[in-house]
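Please treat every number below as a calculation from the coordinates, not as lab data. Predicted model only: the values in this text are computed from it and were never measured. When we count neighbours, we look across all protein chains shown, and the Cβ atoms used for this are built from the backbone with ideal geometry, even at glycine.
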Amino acid sequence: MQYYGKWKMLILQFELILSSSCFAQLKRHRMSTIIAQDYNPQLGVTVPPSIKAIGQQKDFMEIMHQTQKAYEQIKEKAPLAAAYVLTNAHRKRVLMKFNAREMYHLARLRADQHAQWDIRDLTIKMLNQAKKVMPLTLMMACGKDNFSALYKKTFPR
């Protein structure tokens, strides 16, 4: 993460590695600059907690291995088509840049307990990093489900 401060504009920039599923949700935040690379199987996959909870990581990773083999075979003959065989768990690299206002917006929607787990985990990590460089500016940034508790904690009566 990089931090750019100006007297009227506070900008955050993150270099992310995230799953296809997470990226699908992240790119909906249009008040930002998002530069994404192609999916890269070398970056690995994101294993859903539901798979871990039922002890199926080994089977999941075997499917990912078979997907990797299919990807490599397709890439030899049709490089541009190969990515279509990849799953929502496969990752890509993304550069994302936005201002503090958009961090509030992102946190409100994506750090909320009702958000999908992958985007929620990523947003919370981003928010924690951002609060290190902008503690006062982002003091009240959180998921909408947690705002009342944070407000009461920050401003006790």
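I'd like the full set of residues that are over 30 Å from Ala70 (Cβ atoms) and free of Cβ contacts under 8 Å to residues at least 24 places away in the same chain, limited to the stretch 85-139. If the condition is that a residue be over 30 Å from Ala70 (Cβ atoms) and free of Cβ contacts under 8 Å to residues at least 24 places away in the same chain, then Arg120, Thr123, Ile124, Lys125, Asn128, Lys131, Lys132, Pro135, Leu136, Met139 are the ones that fit.
Being over 13 Å from Lys27 (Cα atoms) and among the hydrophobic types (A, V, I, L, M, F, W, C) is the filter; apply it to the stretch 90-109 and report the residue that is farthest from the chain's Cα centre (by Cα). Filtering the stretch 90-109 for residues that are over 13 Å from Lys27 (Cα atoms) and among the hydrophobic types (A, V, I, L, M, F, W, C), the one farthest from the chain's Cα centre (by Cα) comes out as Ala100.
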